[in-house]
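Q: I'd like to ask you about the structure that follows.
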Amino acid sequence: MLKPLSARELQVLKLIAVGKQNRAIAEMLAISIHTVEAHRGRVMMKLNLHSVVDLVKYALREGLIET
């Protein structure tokens with residue numbers, strides 16, 4: 001990791017990596033879709049990733065999700 005992720009950013013990262021859509025994540029975590037998007041953007045910035053595919057690859061590589 002380049003910069004540590006907050007607990008919420010990590011939670012959002014894991015949900016994105018398993019294929020959840022922003023609306024579903026927002027409902028699951030009782031936050032707005034805009035907040036989900038903000039978390040995703042910060043995660044991508046902190047980890048220097050540029051796409052959802054990169055997020056999934058990172059999560060797999062770091063053992064955050066299983067195949």
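The values are calculated or read from the model by the stated rules, or taken from the named source; none is laboratory data. Quick caveat: nothing in here was measured; it's all calculated off a predicted structure. Every residue, glycine as well, gets a Cβ built from its backbone with ideal geometry; the counts of neighbours run over all protein chains shown.
Q: I'd like to verify a number: residues in the range 8-32 that are part of a loop (DSSP other than H, G, I, E, B) and polar (S, T, N, Q), how many?
A: 2
Q: Still on this model: (1) within 20 Å of residue 67 (Cα to Cα); (2) part of a loop (DSSP other than H, G, I, E, B): which one isn't true of residue 3, the others all being true?
A: Of the numbered conditions (1) within 20 Å of residue 67 (Cα to Cα); (2) part of a loop (DSSP other than H, G, I, E, B), the odd one out for residue 3 is (1).
Q: Taking the range 33-67, which residues are assigned to a helix (DSSP H, G or I), exposed (fewer than 13 other Cβ atoms within 10 Å of the Cβ) and small (Gly, Ala, Ser)?
A: Within the range 33-67, the first condition is being assigned to a helix (DSSP H, G or I), and the residues that meet it are 33-47, 52-61.
Checking the rest, the ones that are also exposed (fewer than 13 other Cβ atoms within 10 Å of the Cβ) come to 34, 41, 45, 53, 61.
Of everything in the range 33-67, just one residue is assigned to a helix (DSSP H, G or I), exposed (fewer than 13 other Cβ atoms within 10 Å of the Cβ) and small (Gly, Ala, Ser), namely 41.
Q: Got at least one residue in the range 11-30 being of a type outside the set (Phe, Trp, Tyr), over 12 Å from the mean Cα position of the chain (by Cα), modelled with pLDDT under 95 and closer than 18 Å to residue 64 by Cβ?
A: No, the range 11-30 contains no residue that is of a type outside the set (Phe, Trp, Tyr), over 12 Å from the mean Cα position of the chain (by Cα), modelled with pLDDT under 95 and closer than 18 Å to residue 64 by Cβ.
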